[in-house]
Structure formats: structure tokens, C-alpha cells
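Student: Below: one structure in C-alpha cells.
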Amino acid sequence: MTRLWNEPADFADEMIDGFVAANGRYVRRVPGGVVRSTASPAGQVAVVIGGGSGHYPAFGGLVGPGLAHGAAMGNLFASPSTQQVFSVAKAADNGGGVFFSYGNYAGDVLNFDAAQERLRAEGTACETVTVTDDIFSATVDEKHKRRGIAGDLTVFRIAGAAAASGADLAEVTRLAQHANERTRSFGVAFTGCTLPGADDPLFTVPEGRMAIGLGIHGEPGIDETGIPTADGLAELLVEKLLAEVPDGVDAVRGARVVPILNGLGSLKYEEMFVVYRRIAQLLADAGIDIVDPHVGEYCTSFDMAGTSLTLFWLDDVLESLWETPVDTPAYRRGSVAPQERSDAAATADVADVIEPGDEASRAAAATVLAAVRTIAETVDAHVGELGRLDAIAGDGDHGIGMQRGSHAALAAAETAVDAGAGARTTLARAADAWADKAGGTSGALWGVILNAIAAKLGDEGSPDAAAVAAGVAAGSRGVTDYGKAEVGDKTLVDALVPFTSTLTQAVDAGARLTDAWRTAADAATRAADATADLLPRMGRARAHGQNSVGTPDPGAISLALIVTAVGELLTARKSPKENAHA
Ligand code: ADP
Ligand code: MG
């Protein structure tokens, strides 16, 4: 249970303000998160980490000498927006390139990748290693799909240590990749977590039961059992992790391993020590040399009760990097020499630099702006109806949330076009503004959709129908990865998926974008109407599902209205009359 907040919507922002006020020795605030307040040598690779808020000390608490140079800090459990990541990276850059690392979650990948593309486009070298330590989130054959949990710490530390030693971007990347390969974690949870202002936990674990393999945002566990004894839990954790020793570790006996027993938010240190007592015995029994054990909170999940064990399998290179001193708000190791302060003025206002697009892309940006304006007008015309639909099983804010988001998007797109931005930058700015201002689930998802389309439009040349269709398809994948809803769950996915498949098929068959779009919009409208018959299984509406049978899903309806209106706009802009005037 979270007890203290002012406005729930301001919680993450106010938390960052207070965090910076308390830790000015280490960090200073920049748009999108924090960077070190101490100076870094020119040319040093900048290690930029990040993710949603609610995981303290990840991610802002890990910024400082020997570790990260900056952290992009999103809303609670929500990926930072592309703009946030971009702006933090710009502020952190020391001229040696930017190394990104974060837990492997779809929303984070989408936004960090888009920021990385933007930085590369303006000539900053960037590389990324996503952390994939959670052995229960995918099989070993699909290791790259695993999500990141407390193993973030080992990868971040190796990257930070390599950067501090003067390694170049390629070497930092190689070492961080190697650390990720040698990091394995496994977690359990006893309760869910409740975000500020929410009436119910995000998920629940039945009283007296334990979810096995549960993620740090309540992603489903793979199994559930009764809660074992402390020793029983230690045995389970060690057994599972010793069953998956990383490639390259020749023998368990004699291996040197850093164990990290991580608390997820409301587990007592005392309980963890009792568990660790048995873990240490079991590792010693297996012949493992324990190096620098960690018991504490390194990556939490708000107020969730649970724990995870990480084993980091050292080799000589990793072990010597592990000895690098670190001094950050939440994590200290060894002793770091006194640091000079950085010159903050030099990096102020980086968020507001807009790179101009070429002529063709600026023309496409004008269409993007017109489309965003159409979206805002469409939402305005239906705001009451969308609110009423949402009130039946949800919280009644879908109309006003969409209005706040689309108008913020319109203002951002206008500013971008005035500054000469191309299509990608214009739509990406609009997407970020939407996600930042809308609040609610649908706002984050619209940010995902528009950012994915933006990434395919580019800032050079005129995007073709295939690029638009590919962008919509990427957005649709982003939404299902991020929101975890499937077709039939009674969400906007029910309209988005048929819209995407119809659009892709028509474009692949050679249709013009305007025709393909209108056919797809009709499919979305039919599918949105058909959600009336469904029972909601996702989002807020789930709890009051029965009430909504007979009423369509508000998010699906708003999506259908929007794609229909944008289809009409595209048709009008492509009419021979308009072309003749152009
Ligand atoms: P909130 O539910 O946070 O109040 P809104 O009211 O703006 O947000 O949006 C509600 C809509 O969001 C729902 O009608 C549904 O279409 C969509 N939605 C909710 N959860 C999900 C999800 N997990 N995946 C996709 N869409 C979702
Ligand atoms: Mg709502």
C-alpha cells in the first residue's frame, strides 16, 4: 500500500525533485531524468541507463562516479519517452559516445531505440545492451527475449567501470554484453504492489501463496506454490540458478560468483539475511567461491513483497572491473577520490534543439501536422461520448485523457513544424507530448503507436505507403508487447490489430495509401463496434466487466474514429484539386 502522495499524476515528478534535492552531491536534474553533477573526463563513454520509476534505487540512484552518467526516469512503471531518453543522453554525453543499458521491456526498447536513432542521425555514436537476466521470462534458446530484473546492476556496473577505465564505446559494449551473458536471476513474489492513488494492487498473489518467476511490474509468474520456509526458498533459488550455468563457465566447482539477493520493496532485510544464510551454505557446498555478496534492495517493484537471487559468474576481466570504486546516491563500493563539479550551464536546454528535416520530409511533416490536428478535432467532437463509454466499466476519463493528449501532441507538432522539423521529428515530438500529458493507459499506448510510426517516416525524403504501413505494424506490436492485451480482451487492440493487418495487406497488394487506409479504417470501425459483445480482461475495466457487456470499448472506439478521420484527411489532401493547387 502506498500512503503518501499529493496528486497521483505528479508523483513521479515530485519524487525526482526530492531525490535530486537530497542528492545534489551526485546528480542534477535535466529534462527527462538526471545526470551526474560531477565532471567526467572529456571523451569518456557516457553510460545512460533508465526505465520507469518505482524501482528505486534503479535507475536514478545508480548515477555517479564508477557507475552511470545519466538515468532517464519515466513515469511509474512506464518507459521514459523517446524525448526523455534523448535529452538525458545529450546532457550525459562527454564526446565519447553514448552506451545505453536497461532492462529488456518492449516499451523501453521502443523509446531507447528511437532516441538512439535520433542521436546517431546527428552524428553521436551509440550502442545498446539490454539486460536479459530473468531466466523464467523465456527459455534459454530465446535468451534475447528475457526481461531484465536485478541483474541490471551487474551489467550497469561493468559498463560504468569499463567507461571509467577509458575503454572506448565498442569495448564498453563488448564487456557489458559479456557481463549480461554471465548474469542470471530468478525471482518470487508474495504480494502485488499498489501505485499512488490506485484503489487496487496492480496484481495480487493469493494470501499465503508465492508466485514464481514474477516480473518487476507484475508480469505473470510461471507457477504458484505455497510460501516455503526461508531455507526452502534459498534451496529453490539456488537450484534453479545452478541448473542454468552460463556458457563459458567451465566448472561450477571453483567458479567465482557474486550473489545478489534483491528485495523487491517490502521484504525485510532481516528476512533476506535468513534466506541468504542458507544461500551462502548451498553455494559453498557446490564448491563456488563467493565474491562480494550483496543483500539489499537494488531493483524494487514499488511496494511489492518478494525477492530475487542473481548470480554473476566472474572471470578475471569482470572481476577486476568489479573492483572499480563506485559512489552513487544508493550504491557505494570502495573509495572514490573527491570529484570536481560539472559545468551545468553547458548542457542546459538540450531538449529544445530541433534538427531540420530535408525539403521532402518537411512537406510530409505538414501532412503529419494536419493529421494530428484532425485527431485533436475528432477527439473534441466525441469527448463526452468517450467519457460516458469509459464510465460504464472504467473511470470515465477516456475522453478528457485523449483530449489532453491529442492537444499536447498538436502543440508539439506545431512547434516542430515551425522549427523546420521533418516528418519523423514532428510525429515523435507529438507522440512524446501525448504520452507525457494524457495520463492513463491509453495515453501511453498512443505514445507507443505514434512513436513507432514516426521512426519509419524518417527526416529525409518522402515516406511511401510501405513505410507508413510498417510503422503502423510496429506500433501495433509495441502496443501488444507493452500492454499485454490480446485480440478479444476488449481493448483498443481489438481495433488496432484488424486495422494493421488490413492496411498491410492492401499496401502489399499495391493499393495507394489513401485507399488502403480507408479500407483498414472500415475494418477498425467494424471491430470496435463488435467489442460491445466482449467481456473486458485487461485494464481498469476488468474489475467491473459485466457492466460493460452491450457497450463497446472506449479505447477501441476512439481509435476507430481517429483512423477514419485521418483516412478522410489523407483522401482530401491527395485529391487532384488539392494537388493542382500545391
Ligand atoms: P485508463 O484506463 O488508465 O483510465 P483511458 O481511460 O484513457 O485510461 O483508456 C482506457 C482504454 O485503454 C480502454 O478502453 C482500452 O481500450 C485501453 N486499454 C486499457 N488497458 C489496455 C491494455 N493493457 N492494452 C491495450 N489497451 C488497453
Ligand atoms: Mg479511463
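The values are calculated or read from the model by the stated rules, or taken from the named source; none is laboratory data. Computed from a predicted structure; not experimentally measured. So basically every Cβ, Gly included, is an ideal-geometry build from the backbone, and we count neighbours across all protein chains shown. Just so you know, the surface numbers come from the protein's heavy atoms only, side chains and all, with ligands and any DNA or RNA stripped out. Shrake-Rupley method; radii C 1.70, N 1.55, O 1.52, S 1.80 Å.
Student: How many percent of Cα pairs in the range 154-195 exceed 15 Å?
Tutor: Details: 438 of 861 pairs.
Cα-Cα pairs of the range 154-195 separated by over 15 Å account for 51 percent.
Student: Can you send over the carbon and sulfur percentage of the accessible area for the range 359-570, probe radius 1.4 Å, protein chains only? Show your work: numbers first, answer last.
Tutor: Working: 4450 of 8330 Å².
Percent of accessible area from carbon and sulfur atoms in the range 359-570: 53.
Student: Among GLN505, GLY550, THR367, which residue has its Cα positioned farthest towards the positive end of the charge dipole of the range 359-570, with +1 placed on the Cβ of Lys and Arg, -1 on the Cβ of Asp and Glu, and the dipole taken about the Cα centre?
Tutor: The Cα lying farthest towards the positive end belongs to GLY550.
Student: What is the magnitude of the charge dipole of the chain about its Cα centre, with +1 placed on the Cβ of each Lys and Arg, -1 on the Cβ of each Asp and Glu, and no other charges, expressed in debye to the nearest 20?
Tutor: Numbers: 46 positive and 75 negative charges, 60 e Å.
Dipole size: approximately 280 debye.
Student: Please report Rg over Rh for the chain, where both radii come from the alpha carbon positions and Rh follows the Kirkwood definition. Intermediate values should be presented prior to the final figure.
Tutor: Values: Rg = 24.3 Å, Rh = 24.8 Å.
We get a ratio of 0.98 for the chain.
Student: Once you have the Cα-Cα distance between ILE227 and VAL353, take 0.36 nm times their residue separation minus that, and quote the gain in nm to one decimal. All intermediate terms of the calculation are to be shown ahead of the outcome.
Tutor: Values: separation 126, 0.36 × 126 = 45.36 nm, distance 5.32 nm.
So the chain would gain 40.0 nm between ILE227 and VAL353.
Student: Let me have the 222 nm mean residue ellipticity of the chain computed from DSSP H runs of 4+ only, each contributing -39500 (n - 2.57), with the sum over all residues rounded to the nearest 500.
Tutor: Values: 17 runs with 272 residues, N = 582.
About -15500 deg cm²/dmol.
Student: By how many nm would the segment from ALA391 to ARG3 grow when fully extended, if each residue of separation counts as 0.36 nm and the alpha-carbon distance is taken off?
Tutor: Working: separation 388, 0.36 × 388 = 139.68 nm, distance 2.59 nm.
This chain segment gains 137.1 nm when fully extended.
Student: Right, something else. So which lysines pass the test for LYS456, namely a Cα distance under 17 Å, with those fewer than 8 places away in the same chain ruled out?
Tutor: List returned: none.
Student: Now a separate question. Write down Rg/Rh for the range 359-570, rounded to two decimals, with Rg from the C-alpha atoms and Rh from the Kirkwood relation over Cα pairs. Show your work: numbers first, answer last.
Tutor: Details: Rg = 16.1 Å, Rh = 16.7 Å.
Computed over Cα atoms, the ratio is 0.96.
Student: For the range 39-54, take each phi angle, set θ = phi - 60°, evaluate the Karplus expression 6.51 cos²θ - 1.76 cosθ + 1.60, and give the result in whole Hz per residue in order, putting x for glycine and proline.
Tutor: With the stated coefficients, the range 39-54 comes to 7, 10, x, 4, x, 6, 4, 8, 8, 10, 10, x, x, x, 7, x Hz.
Student: Can you list the residues, at least 5 places off or on another chain, whose amide H is less than 5 Å from the amide H of VAL291, using H built in the peptide plane?
Tutor: VAL257, VAL258
Student: Okay, next question. Taking the Cα atoms of the range 360-470, report the difference between the largest and smallest coordinate on each principal axis, in whole Å and largest first.
Tutor: Largest to smallest, the principal-axis extents are 46, 26, 21 Å.
Student: Can you work out the FRET efficiency for the pair ARG209 and GLN281, with r the C-beta to C-beta distance and R0 = 35 Å, to the nearest 0.05?
Tutor: Working: r = 26 Å, r/R0 = 0.75.
In this case the efficiency is close to 0.85.
Student: Return the sequence-ordered ³J(HN,Hα) values of the range 302-313 in whole Hz as given by the Karplus equation 6.51 cos²θ - 1.76 cosθ + 1.60 applied to θ = phi - 60°, using x for Gly and Pro.
Tutor: For the range 302-313, the Karplus-derived couplings read 6, 9, 5, 8, x, 8, 9, 10, 10, 10, 10, 8 Hz, x marking Gly and Pro.
Student: I would also like to ask the following. Ignoring any ligand, DNA or RNA, what whole percent of the accessible area of the range 1-88 comes from carbon and sulfur when the probe is 1.4 angstrom?
Tutor: On the way: 1600 of 2890 Å².
C and S fraction of accessible area: 55 percent.
Student: Between the DSSP loop rule and a limit of at most 12 other Cβ atoms within 10 Å, which trypsin sites (Lys or Arg not before Pro) in the range 230-314 are left? Before the final figure, lay out the partial values.
Tutor: Numbers: sites: LYS240, ARG253, ARG256, LYS268, ARG277, ARG278; in loops: ARG253, LYS268.
Here the trypsin sites (Lys or Arg not before Pro) that fit, given the DSSP loop and packing criteria, are ARG253, LYS268.
Student: Can you tell me, using C-alpha contacts under 8 Å and at least 6 residues apart, the relative contact order of the chain as a whole percent?
Tutor: Details: 1277 pairs, mean separation 66.6, N = 582.
Contact order relative to length: 11 percent.
Student: Still on this model: Give me Rg over Rh for the range 40-95, both radii from the alpha carbons and Rh done the Kirkwood way, two decimal places.
Tutor: Numbers: Rg = 11.1 Å, Rh = 11.3 Å.
That ratio equals 0.99.
Student: Shifting gears a bit: Loop-only check: which GluC sites (Glu not before Pro) in the range 97-198 are DSSP coil with at most 15 other Cβ within 10 angstrom?
Tutor: Numbers: sites: GLU117, GLU122, GLU127, GLU142, GLU171, GLU181; in loops: GLU122.
Sites meeting the loop and neighbour criteria: GLU122.
Student: Size of the dipole of the range 12-121 about the Cα centre, Lys and Arg at +1 and Asp and Glu at -1 on the beta carbon, nothing else charged, in debye to 20? Numbers along the way, then the final one.
Tutor: Details: 7 positive and 7 negative charges, 65 e Å.
Charge dipole of the range 12-121: 320 debye, to the nearest 20.
Student: To test your reading of the geometry: what angle, between 0 and 90 degrees and rounded to tens, separates the Cα axis of helix 169-181 from the longest principal axis of the chain?
Tutor: Long axis of 169-181 versus the principal axis of the chain: about 70 degrees.
Student: Which value in nm describes the separation of the simple spin-label points at LYS574 and ARG25, placed 7 Å from the Cα toward the beta carbon?
Tutor: 6.2 nm
Student: Just flag the trypsin sites (Lys or Arg not before Pro) in the range 1-53 sitting in loop per DSSP whose Cβ has no more than 15 other Cβ atoms within 10 Å. Don't jump to the answer; show the numbers that get you there.
Tutor: Values: sites: ARG3, ARG25, ARG28, ARG29, ARG36; in loops: ARG3, ARG25.
Listed in order of number, the matching sites are ARG3, ARG25.
Student: Tell me, what ³J(HN,Hα) does each residue in the range 501-514 have, in order and in whole Hz, if you take phi through Karplus 6.51 cos²θ - 1.76 cosθ + 1.60 with θ = phi - 60° and put x for Gly and Pro?
Tutor: 3J(HN,Hα) across the range 501-514, in whole Hz: 5, 5, 4, 4, 4, 5, 5, 4, 7, x, 5, 6, 4, 4.
Student: With +1 on each Lys and Arg Cβ and -1 on each Asp and Glu Cβ, how big is the dipole of the range 8-326 about its Cα centre, in debye rounded to the nearest 20?
Tutor: Numbers: 22 positive and 41 negative charges, 134 e Å.
For this selection, approximately 640 debye.
Student: For the range 490-556, compute the orientation-averaged projected area of the C-alpha convex hull (one quarter of its surface), in nm². Working shown, then result.
Tutor: Working: hull surface 16.9 nm².
So the mean shadow area of the Cα hull is 4.2 nm².
Student: Where only protein heavy atoms count, and the probe is 1.4 Å, what is the accessible area per residue for the chain in Å²? Write out the running numbers ahead of the final one.
Tutor: Values: 23200 Å² over 582 residues.
Here the residues of the chain average 40 Å² of exposed surface.
Student: Using alpha carbons only, how many degrees (0 to 90, rounded to 10) separate the axis of helix 11-22 from the longest principal axis of the chain?
Tutor: 40 degrees
Student: So between SER320 and ALA532, what do we pick up on full extension, going 0.36 nm a residue minus the alpha carbon distance? Can you show the working numbers first?
Tutor: Values: separation 212, 0.36 × 212 = 76.32 nm, distance 6.07 nm.
Extra length available between SER320 and ALA532 comes to 70.2 nm.
Student: Same structure again: In terms of modelled amide H atoms, which long-range or inter-chain residues lie less than 5 Å from the amide H of ILE149?
Tutor: HN-HN under 5 Å from ILE149: ASP133, ASP134.
Student: Let me ask something additional. Please report the net charge: other residues with Cβ closer than 11 Å to the Cβ of ALA365, K and R +1, D and E -1. Please report the intermediate quantities before stating the final value.
Tutor: Values: positive: ARG362, ARG424, ARG429; negative: ASP358, GLU359, GLU414, ASP418, ASP459.
Net charge in that neighbourhood comes out at -2.
Student: Sticking with this one: Expressed as a rounded percentage, what relative contact order does the range 363-521 have, with Cα pairs under 8 Å and six or more residues apart? Please list the in-between numbers first.
Tutor: Numbers: 241 pairs, mean separation 26.6, N = 159.
That works out to 17 percent.
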